[in-house]
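Below is one structure, written out as structure tokens, with a few remarks after it.
The values are calculated or read from the model by the stated rules, or taken from the named source; none is laboratory data. Owing to the predicted nature of the structure, the values given are computational and were not obtained by experimental measurement. Positions of Cβ are backbone-derived with ideal geometry, glycine not excepted, and every protein chain shown enters the neighbour counts.
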Amino acid sequence: MSDTTKKVGKKEFQRNWRLIDAKGQILGRLSTEIAVYLRGKYRPSFRPHEDLGDVVVVINTDQLKFSGNKIKTKLYRHHTRWPGGLREKNLEEMMKKDSTEVLRLAVYGMIPRNRLRDKIITRLKIYKGSEHPHTGAQFVS
């Protein structure tokens, strides 16, 4: 086994904290970057069956940008499981209601659908403004 693919034990593993400013960034490109950090795919010791990702703190989600005409045309759908219970909201309505949920859903869709998915998404901390309660954390750039 070469030095770059050496298995990392739980004692040697260190979770990094990352602070990402969403101001002026495009939703899809930002969410792919966040998904890579949450899964730990940038690490040389990445293994898809293990949770080796970072904690990601995202601020300023109210100032996200969208490409094209997505703000009017993108739909979020869910069903209440009652007859005629299909509910739809467009991206503009979702951003007015809660911009953090828009980013969370985008990142959640980019994480593989397996047993680690719910565990991974708990390490994503999203805030509308520039204030966040994680001031004591050592952020990696």
Study note, to complete from the structure: Of the residues in the stretch 118-141, those that are buried (at least 16 other Cβ atoms within 10 Å of the Cβ) and of a type in the set (A, V, I, L, M) come to I120, L124, I126
Exercise for review: Kindly establish whether L27 is over 20 Å from L91 (Cβ atoms), at pLDDT 95 or above and buried (at least 21 other Cβ atoms within 10 Å of the Cβ).
Suggested key: no
Check your understanding: What do you reckon, is R115 under 18 Å from the mean Cα position of the chain (by Cα), exposed (fewer than 14 other Cβ atoms within 10 Å of the Cβ) and not in a helix (DSSP H, G or I)?
Key -> yes
Review point. Looking at the stretch 78-112, which of its residues are more than 22 Å from T32 (Cβ to Cβ) and part of a loop (DSSP other than H, G, I, E, B)?
Key: T80, R81, W82, P83, G84, G85
Check your understanding: Of the residues that make up the stretch 40-59, is at least one part of a helix (DSSP H, G or I) and either within 19 Å of G24 (Cβ to Cβ) or modelled with pLDDT of 95 or more (or both)?
Key -> no
**Study point:** Residue match in the stretch 82-92 (condition: surrounded by fewer than 12 Cβ atoms within 10 Å (Cβ to Cβ), more than 16 Å from G28 (Cβ to Cβ), out of contact with any His (no Cβ under 6 Å at 6 or more places or on another chain) and small (G, A, S))
**Key:** yes
